[in-house]
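The values are calculated or read from the model by the stated rules, or taken from the named source; none is laboratory data. As the structure is a prediction and not an experimental result, all values here were calculated from the model. Cβ: placed from backbone, ideal geometry, glycine included. Neighbour counts: every protein chain shown. These area figures cover heavy atoms from the full protein model, side chains too; ligands, DNA and RNA do not enter into them. Shrake-Rupley method; radii C 1.70, N 1.55, O 1.52, S 1.80 Å.
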Amino acid sequence: MTQTAELAQRIVVLHREPGYLRLELPAEICSEAAAAAIEAGMKTLAGLSSAAVDRGWKRISIRFDAQVCTTAQVARHLFRLLPGLPLDEAPAAEPEAAPSIDLNNGFQPLLDKLKAIIIPAEPPAEGSLQARFQPMVESALTEKAITNFFNDIVAFYLIRVHWDLITKRWLQNPVANSNAWLTVFYLVFLLVRYRKSN
């Protein structure tokens, strides 16, 4: 098997839809020179609107007019470029890991960074408006406060969505709608228990 055929065999379709194609590329053709040659060569295909190589993730995203050319024509055009690509450079480096949130610590580290941005390092002047509001900002930017806020939003949203059912059906005939009331009481119990445990 030739090197070109071996490279073509290692190109994998990641996503395909009418007018769009995303492919995983072998590392050997993700050097800066090879990526530039691929992008320039792909643009010579009629109907192609864009071709962008992501060297870090070793992918190419191709957008084209599905009325002018097919996915197979796009792929064949890419394969025809392989023999002329410069393959003498080192493969592209692995992509840096995306920043992640440690679920064991929740999102408090993120809130701490936000506090550092919002709250100045120097203490505000005593009696100033900033000195009055700073403790409120600090207490609002805690994991407990944020979680409680979103829990309340969800509770109010559920009440609003079900308000007509509550007033026109559930209250008028509580026995027939006992399953709905049991659900309501259980959700209220969970909300109260969460607040007490925190």
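Quick check on region 141-164. Is at least one of its residues without any contact (Cβ under 8 Å) to a residue 12 or more places away in the chain, over 27 Å from Leu110 (Cβ atoms) and open to solvent by 100 Å² or more (accessible area, probe 1.4 Å)?
Yes - at least one qualifying residue is present in region 141-164.
Does region 168-186 hold any residues that are of a type outside the set (Val, Ile, Thr) and open to solvent by 90 Å² or more (accessible area, probe 1.4 Å), and which are they?
If we filter region 168-186 for residues that are of a type outside the set (Val, Ile, Thr), which is where we start, we get 168-174, 176-182, 185-186.
Residues satisfying the conditions are Lys168, Arg169, Leu171, Gln172, Asn179, Leu182, Phe185, Tyr186.
Take the conditions open to solvent by 60 Å² or more (accessible area, probe 1.4 Å), of a type outside the set (A, V, I, L, M), modelled with pLDDT of 85 or more and closer than 29 Å to Leu187 by Cβ and apply them to Phe79. Does it pass? Before the answer, list the steps.
Values: open to solvent by 60 Å² or more (accessible area, probe 1.4 Å): yes; of a type outside the set (A, V, I, L, M): yes; modelled with pLDDT of 85 or more: yes; closer than 29 Å to Leu187 by Cβ: no.
Against the criterion (open to solvent by 60 Å² or more (accessible area, probe 1.4 Å), of a type outside the set (A, V, I, L, M), modelled with pLDDT of 85 or more and closer than 29 Å to Leu187 by Cβ), Phe79 does not qualify.
Is it the case that some residue within region 1-23 is open to solvent by 30 Å² or more (accessible area, probe 1.4 Å), touching a residue at least 24 places away in the same chain (Cβ under 8 Å) and among the hydroxyl-bearing types (Ser, Thr, Tyr)?
Among the residues of region 1-23, at least one is open to solvent by 30 Å² or more (accessible area, probe 1.4 Å), touching a residue at least 24 places away in the same chain (Cβ under 8 Å) and among the hydroxyl-bearing types (Ser, Thr, Tyr), which makes the answer yes.
Would you check if Ala40 is without any contact (Cβ under 8 Å) to a residue 24 or more places away in the chain and touching a Lys or Arg at 6+ places or on another chain (Cβ under 7 Å)?
Details: without any contact (Cβ under 8 Å) to a residue 24 or more places away in the chain: yes; touching a Lys or Arg at 6+ places or on another chain (Cβ under 7 Å): no.
Here the answer is no, as Ala40 does not meet what is asked.
Cβ contacts < 8 Å: first residue at pLDDT below 80, restricted to region 186-198; second residue of a type in the set (Ser, Thr, Tyr) and in a helix (DSSP H, G or I), any location; separation 6+ or different chain. Result?
Short answer, once both residue conditions are applied: Asn198/Thr147.
Quick check on Ala37: is it of a type outside the set (Asp, Glu), touching a helix residue (DSSP H, G or I) at 6+ places or on another chain (Cβ under 9 Å) and either at pLDDT 90 or above or at positive phi (or both)?
Details: of a type outside the set (Asp, Glu): yes; touching a helix residue (DSSP H, G or I) at 6+ places or on another chain (Cβ under 9 Å): yes; either at pLDDT 90 or above or at positive phi (or both): yes.
The answer is yes for Ala37.
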